[in-house]
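The values are calculated or read from the model by the stated rules, or taken from the named source; none is laboratory data. All values reported here derive from a predicted model rather than from experimental measurement. For neighbour counting, all protein chains shown are included, and Cβ atoms are generated from backbone atoms with ideal geometry for every residue, glycine included.
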Amino acid sequence: MLGENGAGKSTLMNMLYGLLTPDEGQLFWKDQPVSIRSPRRAISMGIGMVHQHFMHVPQLTVLENIVLGQESGLFGDLPSAERRLFQIASDFCQPIDPRALVGSLSVGEQQRVEIYKALYRHAELLILDEATAMLTPREAEQLFEICRTLVARGKSVIFITHKLDEVISLSNRVTVLRHGRNVSTFRTDGTSPNELARLMVGREIPTKITKSIRRPGPAVLEITNLDVSGHRTNIIQHLSLSVHAGEIVGIAGVDGNGQTELVEAICGLRRITRGAILFNGEDIANFRPAAILKKGLACLPADRHSAAVVESFSLEQNALLGFSHTPPFAAHGFIDSAAVLNFAQEIIAQYGVKADSPATSMRNLSGGHQQRFVFGRTLRHDPRLLIAVQPTRGLDIVSSDFVRRELVELRDAGKGVLLVSMDLDEVLVLSDRVEVIHRGQIIGSANEHSSREEIGLMMAGVRPGAPPRLEL
Amino acid sequence: GSASNAWPLPAPSAKSFKVALILGGRVNEPGYYNAGYQALLSLKQKYNAEIAYEENLQPADAEQVLRALAEDGFRYVIVMGGGTYDDFIRDVAADYPAMRFIIISGGFTQLPSIVSIRTGHPGVPFLAGVLMAEMSKTKKIGLIGGRASPPAVADHVAVIAGAKFACPQIQILDTYTENYDDPSIGKEAALAQIDEGADLIFANANTTSFGVFQAARERAILAIGAATDQNGIAPDTILTSAAYGMDNAVEYLIDLDRSARGWQNKVYTTELTMVDLAPFHSLDSRVPIRVRQKLAEVRQQLIAGKITIPASYDQLHMHAPIHK
Amino acid sequence: MLNSFALAPSIGFLAATVRLSTPLLLAASGELVTERAGVLNLSIEGMMLNGALFGFLGAYFSGSLFVGWLAGMLAGALLALLFSFFAITLRSHQVIVALGINLLALGETSFLYRKIFGLATLTPQIKPALPHPIPTLSHIPLLGPVLFDQTILTYAAFLFPPLVWIFLYKTPAGRSLRAVGENAVAADSVGVDVQCIRYLATIFGGLLAGLAGAYLSTVALNLFLENMTGGAGWIAVTIVIFGNWSPLGIALAALTFGGAEALQLRLQSSGIGVPREFIVMFPYLLTLVALSGFVKRSKSPAQLCIPFIRSFQ
Amino acid sequence: MTAKRSPPTFRKVAPRARWPLIEVLLPVVAVVAALLLGALIIAFAGLNPLRAYAALARGAFGSVGSFSETLVRFCPLALCALGVLVAFRAGFFSIGADGQFYLGALAATFVALKVPALPSIVLVPLCMAGAMAAGTLWALVAGLLKVRLGVNEVVSTIMLNAIASLLIDFLVRGPLRAPGTDLQYTAVIPKFAWLPRILPHTRLHAGVFLPLIAALLVYIFLWRMSAGFDSRVTGANSVAARHAGINVGGSVLGAVAISGALAGLAGAVEIQAVFHRLQAGIGSDYGYTAIPIALVGKTLPGATLLAALIFAALGVGSAMMQIKASVPSPLVVLLQGLIILFVVGSDMFVPKLRKWRQTLPPETTSGNLPPMDPSIAE
Ligand SMILES: Nc1ncnc2c1ncn2[C@@H]1O[C@H](COP(=O)(O)OP(=O)(O)OP(=O)(O)O)[C@@H](O)[C@H]1O
Ligand SMILES: Nc1ncnc2c1ncn2[C@@H]1O[C@H](COP(=O)(O)OP(=O)(O)OP(=O)(O)O)[C@@H](O)[C@H]1O
Ligand SMILES: [Mg+2]
Ligand SMILES: [Mg+2]
């Protein structure tokens, strides 16, 4: 299933899964009209769903999450549940530690838990809502494997994604939604990404991103021998990295290898134990976040819901986030509401944010439009270096294309961009230089001539034999 | 002995009147406040007076309540608030000279319509102390109070002085729970003292006292109540009570006001000739003749003014710790 | 000073600690379960008071302590049901609902008590509960009289934390309950009935709070007095937080608080040269200091006090 | 890309979220409903509900005098509730207004008694400033414990309340006791420190304007000032606050300080306008009542003032029910509980009264107040 952000894909699926009730119309399951009033009912019918935003309890173990709501008896039967889980996992050749706390797993593993959870409930129809948005290529490939196996066993899968090649390689049929309507449903073979995109958006969109010739300037960011300690060991060890003006540096790596910590350390959100972080030649290590922001180092955090916006505030109020002490929005401790309102309207207009008015609550915006808003706001800092973490996660092609072009435009304007993404394609398309991070260390570099396989190997922890540190 | 009814009563006028009680606690709060409520009830019975009460009165509300009472033609207001309403009474009294205020255990008399009375006499708790010292076998006695307000402290000091008077080497365990409404803490306070060897406990802590009596009963020792004759709460445990005789005092003041004599501008105090320890009731046989004689003897000495009773711990030289 | 610390570890002190902890632990065990389901019930005080009244009435009119305890538990649960209706079904703010219920309970218990017994001077009493020494164990020196010569409710109170632990971590229902407290939407998405679990958890809290109240009126004492809980319910709530939402933690917290209270009473009667008010402060100060000392991660349930709405993620 | 060229799609003046009249009136309707149920209970107790409610209404609004009393009580309640509001907005679930109120009262008394005679114009504000400082300090104890050591503020403020009241007990019984009495109060503070009365034959005093000013300042702080914005962001989403470069600990402490100052000011007003000396029992649980007031007022300053007025009227009026209609005090308390429940329960009609999604009310913390946000701790 395809559709722009906010086209209604998740809404429709939530109805199938009993989380929302339709106002009108009829659902059929195995040719019988049904009404699905609760997830419990959906589960008992054989519908399983992996939600776009994971639905698990981080404080519970994998096994506990999987059996949740399925156990009977006073004490349940965890050992036999564990055996069944093992069975399912080995069916797909992708094991998982049943005793681990879900909150401590990588995103890919968490996703696997969600899928096993559905399979544990004997799902015959598996709904995967943007399942690949947060996966590494390898993890995505593993997920496709699972889907193919399921289909081979006579089960059905609804697969929602924004990545058109995934649609083509995986699906038998495609349904395209636009503004809550079914635009068309057809067989996949014989379609092309371009055609899909046209159906989705309603017009042609250029897919190729063109970059001007790279003209790197002086180094904006230079990290040398950085150590960041976590609760057990060092999360970042002896990490060195540099970003120049007019350059996009991509950080590729499997989620959970220290990307978050690295970014937090640079932005002053996490203390470093050793090393130097030079920004325009000045060591900003362990500065307050506000000071770093002021020097022109801005960040687009990965988790915009929780880190970049306040969902209960209006767009207008959200526009002020990060500027509450900065003229022209504030002077002498007071906020200039008119300036803020103006700014919010400006962002909405310039970045095509779909919102009724600046007074709308941020909660009412879809993720893609939240991201556009955050992007617009962040650029107002006029950063000399922008750190973008997963900037297009969950965004439809129009929005992601928009964000990517903005990043390139920044680079062309002579700013530095540090792009952290699990999406290898994105990293490869955008970056002038790619550094691969593994266990808190940069274990190799790549450029646009490197093959996906080479980088994939490095991401898995295999050091390149003789690292060709090619630069364009 | 018993609370005396030998007040010198002047002849009152016959007309009925309205009387209200305002209090900082509840009317059924055992001890001090309930003593006031009993006094109110006896006024109703005796004079056919119309009565009203305002319990749990917050000081901030006092002024409005008093004004409402005045508008409604209340002649007397009995005040039990430990001084918290004094300033408001003064303001209201200035506006309504016809209304009479009887402040219980207050010290405040600036206007002719206001009279303060010290109910009870320190001699009674002093006698309780004497009794406790004489009856204690371990020569270790306990006292449990609620909040350590000065009137409550004065009672404790009198008990301690009496006990030391009767037996200078007596050991005193002295506790305040700092609340009046937590009987479980009262019980634990008493058990703590009993564990340390106390075999007689004086309790003056309203609701909290109930826990003390309960503990005494469980450990089969005797206790002394306060404010009213509390024997009915635990007839086999409460030997006597240091009663205040509040009803008599209030009646006396009302009679005085209704007679030709009127009130004088002073703090009325109760004479020891008019109050005494409450009766021993069913525990009468537990008190030896020797002890009774001693009590009578001390009482005479007190009446004769041969003994001065200290009013604070400082006067008692008690602030130094008492070691075993 | 030395003198008073020397008597701290005495049998009397330890037994007092156990007794003082009993009602706190009963109420806190219930509140722990309630809070782990994501419901912040600050009306433990009111539920205890209701339990105290009905526990007493039950025992007074039936002549049986067990009937009283049952009545007390039901009375606590009834208020919990009312709380749940407002806080869970109507999704009203849990803190305001709780404050309302506390006032309601304070008024209602006093009103009913006066309605039944009038404003009599002589408070009606029941036969007090007696300790049930456990045959051989109660003869162990020191430990025996402290731990095994208590009333049944004390044994029960100290059984609850392990039982609650087993329930929370070893049973399907406990797992669902924790899931509801940590991420209600996720629990709902696998068919767990969030509202029902929250109702049950709150009612369980009410049952135990009621029992704690009945302990006060039928075991610690043998009568009912208006407002006799005197803030114990609030202490129970703070013990859950102080115990960092774990069964072992609340047992330790309850014992700490009970112990501080027991020590406070002993320090006073032995007369140390500190103003009384400061001695009475001791348990509160100790709690503050203890909390500041354990710099550890708060394990507050993630969705404590957040009402569940399905369609609004 | 097209996005940049897409025209702005909104009206000239962005519509602001509003509270329709019916929603403002909802609490009033709820109070009436609670009173109706209360009438049944009063009748069950064998009393005349009409008489009882007449006493209530007359006690609260019946005359200039009684309405002044309502306003006199409104003053400390509103100030404490505004303080609670500020703390809640910053995600600090403080129960500590009671203790801060006491400390404020103590400081005002202390200043008035110890500072040499000064003219009113100096002494009155000086006492208030002292009270606000004391309230702030007491609040900051809990604030620092939370921000520096991660101590849960619910526990710490409850403990600090108990400690404050014992401290006052100690002082009024000992060091600060009025010379020559054995009662638990200090001497009367000099007249220069009194807040003037503004209506003859009533207790209405100049302090009644303070809550109005305070509400305005609170509004300005939270919605017009940078620091207040930071506090609100911290309360709503501390992670986002951190990412935006906001000093999270500082924002919390700032709000906590203001909340303590307001509660302390309430204490000063009670001393300088009503009691004129420090004594036991001045608090009347104002600090605790302030919590439901702030929450019923949706943690919005204007609505909180309104809620404080309702609670003040009920408090003052119900004192009259006892004396004028013989309604026993337990019933009065019960009635207050019912009213709180009905008011908070009436909230559920709000979504039915308006199309929920389209026009969300101005952001409030009433439904999803995060009571315990451990992430604020550094
Ligand atoms: N009941 C409803 N009433 C009005 N609007 C609704 C309703 N349900 C959903 N919407 C709107 O419809 C849109 C559909 O959102 P939905 O989450 O289904 O999109 P989506 O296709 O899953 O997008 P994405 O690709 O970003 O996941 C949203 O913008 C939402 O605001
Ligand atoms: N039943 C509903 N009625 C009205 N609005 C709804 C309903 N359900 C969801 N929404 C709104 O739909 C909006 C979009 O939801 P959703 O989070 O799925 O966005 P999205 O487009 O999928 O973005 P992203 O891909 O980043 O998650 C949200 O703002 C949510 O408030
Ligand atoms: Mg979606
Ligand atoms: Mg979505």
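All of A:F343, A:F373 fail the test of being more than 9 Å from chain D (Cβ to nearest Cβ), at pLDDT 90 or above and within 16 Å of ligand 1 (Cβ to nearest atom), apart from A:F373. The residues on offer are D:I163, D:I220, D:I168, D:I158, and the sole one that is within 20 Å of D:P301 (Cα to Cα), assigned to a helix (DSSP H, G or I) and not small (G, A, S) is D:I220. With respect to the stated conditions, B:Y76 fails to be within 11 Å of chain D (Cβ to nearest Cβ) and of a type outside the set (D, E, K, R).
Listed residues A:D77, A:D129; which is within 14 Å of chain C (Cβ to nearest Cβ), of a type in the set (D, E, K, R) and over 24 Å from A:M15 (Cβ atoms)? Matching residue, one of A:D77, A:D129: A:D77. Reported count of residues in the range A:338-374, each being within 15 Å of ligand 4 (Cβ to nearest atom) and either part of a helix (DSSP H, G or I) or buried (at least 21 other Cβ atoms within 10 Å of the Cβ) (or both), is 10.
For the range A:136-170, the set of residues classified as under 25 Å from A:E454 (Cβ atoms), within 16 Å of ligand 3 (Cβ to nearest atom) and either part of a loop (DSSP other than H, G, I, E, B) or among the aliphatic types (A, V, I, L, M) (or both) consists of A:K163 only. Restricting attention to the range D:276-322, the residues that are of a type in the set (D, E, K, R) and within 9 Å of chain B (Cβ to nearest Cβ) add up to 2. The set of residues in the range A:8-21 being part of a loop (DSSP other than H, G, I, E, B) and either within 12 Å of ligand 3 (Cβ to nearest atom) or surrounded by 14 or more Cβ atoms within 10 Å (Cβ to Cβ) (or both) consists of A:G8, A:Y17, A:G18, A:L19, A:L20. Kindly evaluate D:G83 against the criterion of being surrounded by 22 or more Cβ atoms within 10 Å (Cβ to Cβ) and more than 14 Å from every other protein chain (Cβ to nearest Cβ). Taking the combined requirement at face value, the residue satisfies it.
Residues checked against (1) within 8 Å of chain C (Cβ to nearest Cβ); (2) in a loop (DSSP other than H, G, I, E, B); (3) polar (S, T, N, Q); (4) in contact with a His (Cβ under 8 Å, 6 or more places away or on another chain):
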| position | (1), (2), (3), (4) |
| --- | --- |
| B:D181 | yes, yes, no, no |
| B:A189 | yes, no, no, no |
| B:Q193 | yes, no, yes, no |
| B:S209 | no, no, yes, no |
| B:V212 | no, no, no, no |
| B:A226 | no, no, no, no |
| B:D236 | no, yes, no, no |
| B:L239 | no, no, no, no |
| B:A242 | no, no, no, no |
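For the range B:241-261, indicate whether the set of residues that are of a type in the set (K, R) and more than 29 Å from B:V115 (Cβ to Cβ) is non-empty. No; the residues of the range B:241-261 include none that is of a type in the set (K, R) and more than 29 Å from B:V115 (Cβ to Cβ).
Against the conditions (1) away from chain C (no Cβ under 14 Å); (2) among the acidic types (D, E); (3) part of a loop (DSSP other than H, G, I, E, B), A:E71 satisfies every one except (1).
The residue that is nearest to the other protein chains (Cβ to nearest Cβ), counting only those in the range B:38-67 that are among the small types (G, A, S) and surrounded by 23 or more Cβ atoms within 10 Å (Cβ to Cβ), is B:A60. Could you figure out which of (1) within 13 Å of chain C (Cβ to nearest Cβ); (2) crowded, with 20+ Cβ neighbours inside 10 Å; (3) more than 14 Å from A:I146 (Cβ to Cβ) isn't true of A:E114? Only one criterion in (1) within 13 Å of chain C (Cβ to nearest Cβ); (2) crowded, with 20+ Cβ neighbours inside 10 Å; (3) more than 14 Å from A:I146 (Cβ to Cβ) is unmet by A:E114, namely (3).
Given the options A:E82, A:E114, A:E166, A:E141, name the one that is under 29 Å from A:P391 (Cα atoms) and out of contact with any strand residue (DSSP E or B) (no Cβ under 8 Å at 6 or more places or on another chain).
That would be A:E141, the only listed residue that is under 29 Å from A:P391 (Cα atoms) and out of contact with any strand residue (DSSP E or B) (no Cβ under 8 Å at 6 or more places or on another chain).
What do you reckon, is A:Q345 more than 25 Å from D:L222 (Cα to Cα) and among the polar types (S, T, N, Q)? So A:Q345 fails the test. Selection of the range B:69-78 for residues being crowded, with 24+ Cβ neighbours inside 10 Å and under 26 Å from D:P200 (Cβ atoms) yields B:L69, B:V77.
Can you tell me which residue among B:F101, B:F126 is of a type in the set (F, W, Y), touching a residue at least 40 places away in the same chain (Cβ under 8 Å) and surrounded by 24 or more Cβ atoms within 10 Å (Cβ to Cβ)? Checking each option against the conditions leaves just B:F126. Looking only at the range A:22-53, filter to residues that are closer than 18 Å to A:L125 by Cα and within 16 Å of ligand 3 (Cβ to nearest atom); which one of those is farthest from the chain's Cα centre (by Cα)? Across the range A:22-53, the extreme among qualifying residues is A:M49. No other residue among D:A308, D:A303 is more than 29 Å from B:G25 (Cα to Cα) and in contact (Cβ under 8 Å) with a residue 12 or more places away in the chain apart from D:A303. Of the numbered criteria (1) within 14 Å of A:I442 (Cβ to Cβ); (2) within 14 Å of chain D (Cβ to nearest Cβ), the one A:G253 fails is (2). Of the residues making up the range D:229-249, just one is without any contact (Cβ under 8 Å) to a residue 12 or more places away in the chain and either more than 10 Å from every other protein chain (Cβ to nearest Cβ) or of a type in the set (S, T, N, Q) (or both), namely D:N237.
When C:S84, C:S92 are screened for being surrounded by 23 or more Cβ atoms within 10 Å (Cβ to Cβ), assigned to a helix (DSSP H, G or I) and among the hydroxyl-bearing types (S, T, Y), only C:S84 passes. Pick out, from the range D:253-358, the helices (runs of 4 or more DSSP H) lying fully within it that include 1 or more residues that are under 29 Å from D:T186 (Cα atoms). In the range D:253-358, the matching helices (runs of 4 or more DSSP H) lie at D:286-296, D:301-325. For A:V57, the conditions (1) assigned to a loop (DSSP other than H, G, I, E, B); (2) near ligand 1 (Cβ under 10 Å from one of its atoms); (3) of a type outside the set (D, E) all hold with the exception of (2). Taken over the range A:386-406, the criterion of being crowded, with 24+ Cβ neighbours inside 10 Å and away from ligand 2 (no atom under 16 Å from the Cβ) is satisfied by A:L386, A:I387.
Taking the range C:212-232 as the range and being more than 10 Å from chain B (Cβ to nearest Cβ) and either among the charged types (D, E, K, R) or under 14 Å from the mean Cα position of the chain (by Cα) (or both) as the test, the residues that pass are C:A212, C:G213, C:A214. Each residue in the range A:1-58 was checked for being among the aliphatic types (A, V, I, L, M) and within 16 Å of ligand 4 (Cβ to nearest atom), and 12 pass. Scanning the range A:193-214 for residues that are small (G, A, S) and either under 23 Å from the mean Cα position of the chain (by Cα) or at pLDDT 85 or above (or both) returns a single hit, A:A197. Just the residues that are modelled with pLDDT of 90 or more and within 16 Å of ligand 4 (Cβ to nearest atom), please, taken from the range A:143-176. Residues satisfying the conditions are A:I158, A:F159, A:I160.
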